[in-house]
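The values are calculated or read from the model by the stated rules, or taken from the named source; none is laboratory data. Since this is a predicted model, take the numbers as computed values, not measurements. Here Cβ is always computed from backbone atoms with ideal geometry, including for glycine, and neighbour counts include all displayed protein chains.
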Amino acid sequence: MQDEVYETSVGAALGSLIGTSTNVLLIETTEETKNIVERLSPKSMLVSAYKDFTQIDSNANHPDVVVSPLLASNFDILDVGSRLTILGFKGKLLAITPPLPNLQAVLGEIRTQLEHLDLELAVVKPV
């Protein structure tokens, strides 16, 4: 597993992962994140609620990159990672988070649970 932490804008993190040949799945991301992805012109972009993304394996445009918040009101990145594992996901998973008080502890937990996924973490500094 490759763990990356980007202390940068969401745009810079997304720009490093998304190109014109990329199929992207956004799971309950912000409108700002959606707009950034659209400007990067991926091959395809699917926007999904967490509860609805279980059918991605039957999608003709299997995602190369999945973007999700690290923590949302009804799920977290461990939930997303578990579902992606069941679906046979082989791409990159980008978790977006504001700065956290103990980032290394959070990363340690994620590494333990999702060691088989190619996870990157974008820490978005407040404006």
Close pairs from region 35-46: first closer than 15 Å to Pro63 by Cα, partner assigned to a strand (DSSP E or B), Cβ under 6 Å, at least 6 apart: Val37/Val24; Val37/Met45; Pro42/Val24; Lys43/Asn23; Ser44/Asn23; Met45/Val24; Leu46/Leu25
Flag if Thr22 is of a type in the set (Ser, Thr, Tyr), under 12 Å from the mean Cα position of the chain (by Cα), at pLDDT 85 or above and surrounded by 13 or more Cβ atoms within 10 Å (Cβ to Cβ): no
Residues of region 75-109 satisfying the condition of being in contact with a helix residue (DSSP H, G or I) (Cβ under 7 Å, 6 or more places away or on another chain) and either outside any helix (DSSP H, G or I) or in contact (Cβ under 8 Å) with a residue 60 or more places away in the chain (or both): Phe75, Leu87, Gly88, Lys92, Leu93, Leu94, Ala95, Ile96, Leu100
